Amino acid sequence: MSHWIWLIGAVASGWAAYLVGLPAWRDARARTALDTNAERYLAWRGRGGERPRPTGYTPRERQRLIAAAVLALVAAFCLVGFFTYA
């Protein structure tokens, strides 16, 4: 019975990592795409110039991605526990 607890823990923490990390990843990608589209539009209108580009993630997104990575490591640990349980 105990080996199923490892599997349930792996699935639950993997799902939690997905739910925590996906919004941060999606928002950062959307922001990058939006900025790229705005720069192209301004260049097309002849008003393109040197505009500072936002680099990296916001502190909140970085925290969420770190939390997702920790949860993914817990999921991997539980999966190894599931396969090695005798």
Failed condition for T32, given (1) among the hydroxyl-bearing types (S, T, Y); (2) in contact with a helix residue (DSSP H, G or I) (Cβ under 6 Å, 6 or more places away or on another chain); (3) at pLDDT below 95; (4) assigned to a helix (DSSP H, G or I): (2)
Qualifying position, being modelled with pLDDT of 75 or more and surrounded by 14 or more Cβ atoms within 10 Å (Cβ to Cβ), among G21, G56: G21
Given the conditions (1) assigned to a helix (DSSP H, G or I); (2) at pLDDT below 90; (3) more than 15 Å from the chain's Cα centre (by Cα), report the number of the one that L7 does not fulfil. (2)
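The values are calculated or read from the model by the stated rules, or taken from the named source; none is laboratory data. All values derive from a computational prediction rather than experimental measurement. Heads up, the Cβs are rebuilt from the backbone with ideal geometry, glycines too, and the neighbour counts pull from every protein chain shown.
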